[in-house]
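Worksheet for the structure shown next.
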Amino acid sequence: MTDSSTVSSSSSNYVVATLPPSLVEKLEAGAFRSLCSHLKERSDDVQNMDLMTISGFCRNCLAKWMVMEARKLSGDDEKQQQALDALGYDEAAQYVYGCDYGDWKHKHAKKASDEQLQKYNDSKPLHSVFDKKMLATKAEKPGKLLSNMKIPAESSTSGDKKPSLLSNVCCQDVDEEQGQAPAVAAPVPSAAKKVRTLPPFVPPPPPSGGMNLTVAIITVSDRAFKNEYETGDLSGPAVQQAVRETVDKMNATTDTSKGAVTCDVQYITVVPDEVDQIKTKLIELESSVDLVLTTGGTGFAARDVTPEATLAVVDRECSGLMAFVTTECSKDQPLASLSRGTAGVMGSTMVCNLPGNPKGIGEIVPILLPLIIHGIRDLQTAD
């Protein structure tokens with residue numbers, strides 16, 4: 001079961017350096033059984049679609065991985081080999097689900113909401129991909145079971161009591177498992193308790209009559225400025241791509257016969273994490289473009305000074321804008337709330353601070369841009 005191509009052989013890896021492969025395989029097999037058991041016990045609360053959205057795999061993937069492993073193994077005799085070759089997705093799924101997949105789906109699967117479907121589709125780059133030829137069975141099923149391995153039965157719960165979503169080892173130190181007094185874990189809300197959920201963000205339509213938007217992008221990064229990244233600066237291009245994709249989406253979902261939004265990225269540059277250099281670059285762009293998007297320097301490190309530099313040059317701060325965007329992004333990624341990015345008006349130019357992480361950029365811009373163009377329209381039409 002162990003794949004040497006995906007496991008580090010470094011001496012710092014205790015398992016690889018200390019334990020024989022045969023024992024490692026038993027550890028992996030035990031962890032797999034525990035995962036299957038954990039999911040069986042939470043069939044109503046943990047849906048396959050949510051697993052795919054968050055991690056890129058689900059119960060079906062576990063079944064397919066079992067089949068893929070079967071194709072790599074050789075049986076001790078002809079009957080064992082036949083049993084391995086006859087193992088297909090349906091048989092593996094029965095092991096993973098604890099019943100036929102059709103029965104599980106009928107009993108536990110829930111209709112996905114529009115928001116779940118959207119998140120699922122957005123996460124497709126994460127999804128596992130399998131070779132269908134490898135999953136095909138290669139032999140007829142043997143006449144009888146060949147394995148004497150006892151598979152642990154699912155743990156049952158009495159009455160209406162449901163298992164916690166947390167695993168049986170979550171929120172515990174290894175020392176506690178070895179006999180020390182465990183800390184008292186925080187109470188887990190009942191799965192049946194109704195929780196108020198906020199509706200998904202729906203961007204407002206673009207201003208009527210269309211508009212022409214000019215944009216400048218400033219990457220704030222010591223390392224990017226010194227050209228220390230082998231890939232070069234990724235943040236600035238990520239901003240440019242996210243802006244163009246968001247504009248295209250806005251035009252695709254509105255009646256452009258009444259005017260479309262056009263976007264011209266006129267300027268892209270990189271500056272170090274220095275307040276004076278950030279301020280100088282922002283002042284150079286004042287009233288020459290409609291929107292300046294900075295990327296990077298919004299965290300808590302000592303040299304993360306982009307918000308301070310921005311506040312030093314803007315005439316009016318737009319604190320509500322970034323607070324709203326941060327709140328929306330925090331629904332999926334709580335760490336988004338740690339961004340100190342700000343926004344403000346500098347002359348007739350809007351300035352907004354984005355994080356340096358390209359993934360974060362891709363999440364923020366589709367929320368920010370449809371809002372901010374309304375403020376820019378006000379600036380464009382001001383006397």
key: Positions within segment 100-111 being farther than 15 Å from Cys61 by Cα and either of a type in the set (S, T, N, Q) or crowded, with 16+ Cβ neighbours inside 10 Å (or both), in sequence order   = Trp104, His108
inquiry  = Checking the structure you have, find out if any residue of segment 142-151 is outside any loop (DSSP other than H, G, I, E, B), at pLDDT 75 or above and open to solvent by less than 100 Å² (accessible area, probe 1.4 Å).
reply    = no
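Restricting attention to segment 324-367, report how many residues are over 23 Å from Leu213 (Cα atoms) and either modelled with pLDDT of 95 or more or open to solvent by 20 Å² or more (accessible area, probe 1.4 Å) (or both).
Of the residues in that region, 16 qualify.
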request  = Sort through Gly98, Gly88 and tell me the only one that's out of contact with any Gly (no Cβ under 8 Å at 6 or more places or on another chain), on the phi > 0 side of the Ramachandran plot and not hydrophobic (A, V, I, L, M, F, W, C).
outcome  = Gly98
task = Give segment 90-99 a look and list any residue that's open to solvent by 60 Å² or more (accessible area, probe 1.4 Å) and of a type outside the set (Asp, Glu), or say none.
result = Gln94
query = Where residues in segment 242-271 are open to solvent by less than 80 Å² (accessible area, probe 1.4 Å), at negative phi and assigned to a loop (DSSP other than H, G, I, E, B), which of them is modelled with the lowest pLDDT?
reply = Thr254
ask   = If the Cβ limit is 6 Å and pairs must be 6+ apart or interchain, which residue in segment 10-38 that is under 18 Å from Tyr95 (Cβ atoms) and open to solvent by 50 Å² or more (accessible area, probe 1.4 Å) pairs with which residue that is modelled with pLDDT under 85 and not in a helix (DSSP H, G or I)?
value = Glu25/Met1; Glu25/Thr2; Glu28/Met1
message = Being open to solvent by 40 Å² or more (accessible area, probe 1.4 Å) and in contact (Cβ under 8 Å) with a residue 40 or more places away in the chain: is that true of Arg316 here?
response = no
task = Give the residues of segment 346-382 that are touching a strand residue (DSSP E or B) at 6+ places or on another chain (Cβ under 8 Å) and within 19 Å of Gly296 (Cα to Cα), sorted by residue number.
result = Met350, Val351, Cys352, Asn353, Leu354, Pro355, Gly356, Gly360, Ile361, Ile364, Val365, Leu368
remark   = Counting only residues that are under 25 Å from Gln380 (Cβ atoms) and either surrounded by 14 or more Cβ atoms within 10 Å (Cβ to Cβ) or under 27 Å from the mean Cα position of the chain (by Cα) (or both), segment 279-308 contains a total of 13
request  = Name, by its number, the condition in (1) open to solvent by less than 60 Å² (accessible area, probe 1.4 Å); (2) in a loop (DSSP other than H, G, I, E, B); (3) modelled with pLDDT under 90 that does not hold for Asp233.
outcome  = (3)
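The values are calculated or read from the model by the stated rules, or taken from the named source; none is laboratory data. Predicted model only: the values in this text are computed from it and were never measured. Reconstructed Cβ throughout: ideal geometry from the backbone, glycine too, with neighbour counts over all protein chains shown. With ligands, DNA and RNA removed, areas are computed over all heavy atoms of the protein, side chains included. Shrake-Rupley method; radii C 1.70, N 1.55, O 1.52, S 1.80 Å.
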